[in-house]
1. At q = 0.08, 0.09, 0.19 Å⁻¹, what is the log10 ratio I(q)/I(0) for segment 67-217, with the Debye formula run over Cα points and no solvent?
2. Rounded to whole Å, give me the distance from the Cα center of segment 92-164 to that of segment 178-221.
3. For residue 88, enumerate residues with amide H under 5 Å from its amide H, sequence gap 5+ or separate chain, H modeled in the peptide plane.
4. Cut-off under 19 Å on the C-alpha distance; same-chain residues fewer than 8 positions from residue 319 excluded. Which aspartates and glutamates are left, in chain and number order?
5. Beta carbons within 10 angstrom, averaged per residue: use that to sort the peptides 231-244, 342-355, highest first.
6. What is the spread of the Cα atoms of segment 199-307 along each of their three principal axes, largest first, in whole Å?
7. Report in % the part of the accessible area of segment 217-360 that belongs to carbon and sulfur, leaving out ligands and nucleic acids; probe 1.4 Å.
8. Chymotrypsin sites (Phe, Trp or Tyr not before Pro) within segment 269-314: which are DSSP loop residues with at most 13 other Cβ atoms inside 10 Å?
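The values are calculated or read from the model by the stated rules, or taken from the named source; none is laboratory data. No experiment lies behind these values; they were computed from the predicted model shown. Heads up, the Cβs are rebuilt from the backbone with ideal geometry, glycines too, and the neighbour counts pull from every protein chain shown. Surface accessibility is based on the protein's heavy atoms, side chains included, excluding ligands, DNA and RNA. Shrake-Rupley method; radii C 1.70, N 1.55, O 1.52, S 1.80 Å.
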Amino acid sequence: MMYPTKRPGIASLKAKKGQRNFREFAMLLTIMLITALVSACGNTTNSAGDTGKSDSQPNMQATAMESTKDNEAGQSIKIKHGFGETEVPPHPKRIAVFGLEDIMLSLDVPMVYAYDFKGYYLDDALRKLNIPVSDNADFKPNLEAILQTDPDLIIVQQYSIDQKGYDELSKIAPTLAFAPDDWKSSIVEIGKALGVEDKAQAVIQAHEEKLKQVKEKIVQAVGNDKTVAYIRPSDKDLQVFFPSFNLVYSEFGLKPDASISDLQKKSEDDWGINLSLEDLPLITADYVFAIYGGSIDTEDAFQKETAASKEIEKLQLWKSIPAVKNNQVFKVSSRHWMSSGPIAESKEADDVVNAITGKH
């Protein structure tokens, strides 16, 4: 693997340029000193309180203050992330991203590379940017492709790499890695790194306001005592997701199905539990949201899993679920329901409010 090196001749060119600049600076300094002496001789007290200061001096002070601020803003900043702490250059302009495109699009900051493939829930938005993309579902950064974009900063989803992968990316450019578990914490740190911390806070506030409005609409439509379950059935087994895994249980005025607390006691995992299809009757929720496949399945694999749902719906066990009987099972896309970020969660909120209020 090859990495960026200094271009031939750059050091000698800089040396010659420095010598020329020094001579020019010396001449300029001499002229300024002569001008200052002449000006000092001409300055007298014109009237009470007038010391002969020119009207331009306040503006000069303001300019100096602005320059100080610019200098502070131009300093590098250290950012803590999943693999330690990294010094980020001031004002990065060429940012390669892998797995955290949701946050970057929400911040409306430029990218020179991104993870994307046909069927990805951000595909349309990323294609409009006309930037290089991975163009496949393989969730492992392509070092050569990223290197070719000449980034000055890399922002990567932490679970897509290990320490070795992080070290390799860091050879290309300073690299920040964030887990998808808590996108709000990640967007704040990314905002600091890119100098758009205010924008990051605005994204969080707008998102929280939307969730609040969605909850109000749902409670107004069906009350605040309805129950919900979030599942992934397949032709082999049944996955039931827990409240810690998804906001559908906590942000929309819906309560976890009665079966959830019992299943949590049986599981060693925080995300949910794997069951057999014979356990389908355990789901007694008023509303069921069901996904098929994974968030980064290839398009063929995704369609295959989705088609399998028709076979599951033929099962008597499936038909016995109360939500099925009441036509209150809603198929939603794992593309964004299994993803993390303000855009993914906003899409999920739209799914929930449209499904539930659309039936009443």
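1. At q = 0.08, 0.09, 0.19 Å⁻¹ the computed log10 ratios are -0.23, -0.29, -1.20.
2. Cα centres, segment 92-164 to segment 178-221: 20 Å.
3. Answer set, sorted by chain and number: 77, 78, 79.
4. Here the aspartates and glutamates satisfying the reach criterion relative to residue 319 are 235, 237, 257, 278, 279, 286, 311.
5. 342-355, 231-244
6. 42, 34, 28
7. That fraction is 46 percent.
8. In loop regions of segment 269-314 (DSSP not H, G, I, E or B), the sparsely surrounded chymotrypsin sites (Phe, Trp or Tyr not before Pro) are 271.
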